[in-house]
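First comes the structure, then the notes that go with it.
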Amino acid sequence: MSLEEIKARIARAETEAGRPKGAVNLIAVSKVQPNNRVEEVLKAGHRIFGENRVQEAVGKWPMFRERYDGIELHIIGPLQTNKARQAMDLAQAIHSVDRPKLAETLARLAQERGACPDLFIQVNTGEEPQKAGIAPEDVDGFVANCRTFDLPIKGLMCIPPVKEEPSMHFALLAKMAARNGLAGLSMGMSGDFEKAISFGATHVRVGSAIFGARDYA
Ligand SMILES: *Cc1c(COP(=O)(O)O)cnc(C)c1O
């Protein structure tokens, strides 16, 4: 478990980027990891975690919440509308608002529940056909629509194409967030979080560098 090392690297990247200490939130991405590895990170005092499937999150986090206070859960993966209510009940943030239908559903549920997690709009910065997310040219309009629904949009999120150098994608996301008056930037994973911090990331999503490789077998 190298939580301390990752935290130290984040602190160094903040300093190098001339950003205040603590400007970056570390989301420990615990998907697929065995509970004993997750528990080590909880025992080390970390409280912000990310899951990409609601089903899996429901299977572990209510149990951990009975034993540890102050857990903050972020849903970072594709969200089906029929899981939206569960996601809202479970999570403090959803990073994968990626289509109008989902925004409408979240808005309806937010009205009904009188509360809504923090939301990030996922942008398909690489315009990859197989990848979820709002196309870059549609972002401004989508943000405006979400605001008319009173959704608490905190920022933008991206997952750059695997085979590309991510800098251009981080820069593009930062530019789109700035021109829409959004402070949150969810970008950077195990392989590139320091670079994302240099481009202004406020939330980095780090899984394998903390927990070790995921075993999907
Ligand atoms: C799995 C996942 C991560 C973490 O990936 P690592 O490379 O293990 O750090 C980050 N973001 C999303 C959306 C993910 O699904």
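The values are calculated or read from the model by the stated rules, or taken from the named source; none is laboratory data. Keep in mind that this is a model prediction, so the values were computed, not measured. Neighbour counts run over all protein chains shown; Cβ positions are idealised from the backbone, glycine included. Heads up: the accessible areas ignore ligands, DNA and RNA and are worked out on the full protein's heavy atoms, side chains in. Shrake-Rupley method; radii C 1.70, N 1.55, O 1.52, S 1.80 Å.
Just list whichever of Lys7/Lys195; Lys83/Lys163; Lys83/Lys131; Lys60/Lys175; Lys60/Lys163 have alpha carbons separated by over 26 Å in the model shown.
As for pairs spanning more than 26 Å Cα to Cα, those are Lys83/Lys163; Lys60/Lys175; Lys60/Lys163.
Counting only protein heavy atoms and a 1.4 Å probe, tell me what percentage of the chain's accessible area is made up of carbon and sulfur.
Carbon with sulfur: 50 percent of the solvent-accessible area.
With point charges of +1 on the Cβ of Lys and Arg and -1 on the Cβ of Asp and Glu, referenced to the Cα centre of segment 3-211, which listed residue (Gly200, Ile76, Leu172) lies farthest in the positive direction of the dipole?
Positive-end residue among those listed: Ile76.
How many angstrom lie between the C-alpha centres of segment 112-129 and segment 16-62?
Here the answer is 19 Å between Cα centres.
What would the Debye equation give as log₁₀ I(q)/I(0) for segment 13-98 at q = 0.12, 0.25 Å⁻¹, counting only Cα atoms as equal point scatterers?
-0.39, -1.23
What is the set of long-range amide H partners of Gln122 at a cut-off below 5 Å, with H atoms built 1.01 Å from backbone N?
Residues meeting the amide H criterion: Val97, Asp98, Ile134, Met157.
Count the net charge of all other residues whose Cβ sits under 11 Å from the Cβ of Arg47, scoring Lys and Arg as +1 and Asp and Glu as -1.
Cβ neighbours under 11 Å give a net charge of -1.
Tell me what the chain gives for mean residue ellipticity at 222 nm when only DSSP H runs of n ≥ 4 count, each as -39,500 (n - 2.57), the sum divided by the residue total, rounded to 500 deg cm²/dmol.
Taking each H run of at least 4 residues, the total per residue is -12500 deg cm²/dmol.
If you build the convex hull over the alpha carbons only and average its shadow over all orientations, what do you get for segment 3-211? Give it in nm² to one decimal.
11.2
Once segment 12-61 is represented by equal point scatterers at the alpha-carbon sites, with solvent omitted, what log10 I(q)/I(0) does the Debye formula produce at q = 0.19, 0.23, 0.24, 0.26 Å⁻¹?
Taken in order of the listed q values, log10 I(q)/I(0) reads -0.70, -0.84, -0.88, -0.95.
Quick check: with the 1.4 Å probe, what order do Asp140, Asp150 take by accessible area, largest first?
Accessible-area ranking of Asp140, Asp150, largest first: Asp150, Asp140.
Mind ranking 10-20, 120-130 by how tightly packed they are, going by the mean number of other C-beta atoms within 10 angstrom, highest first?
120-130, 10-20
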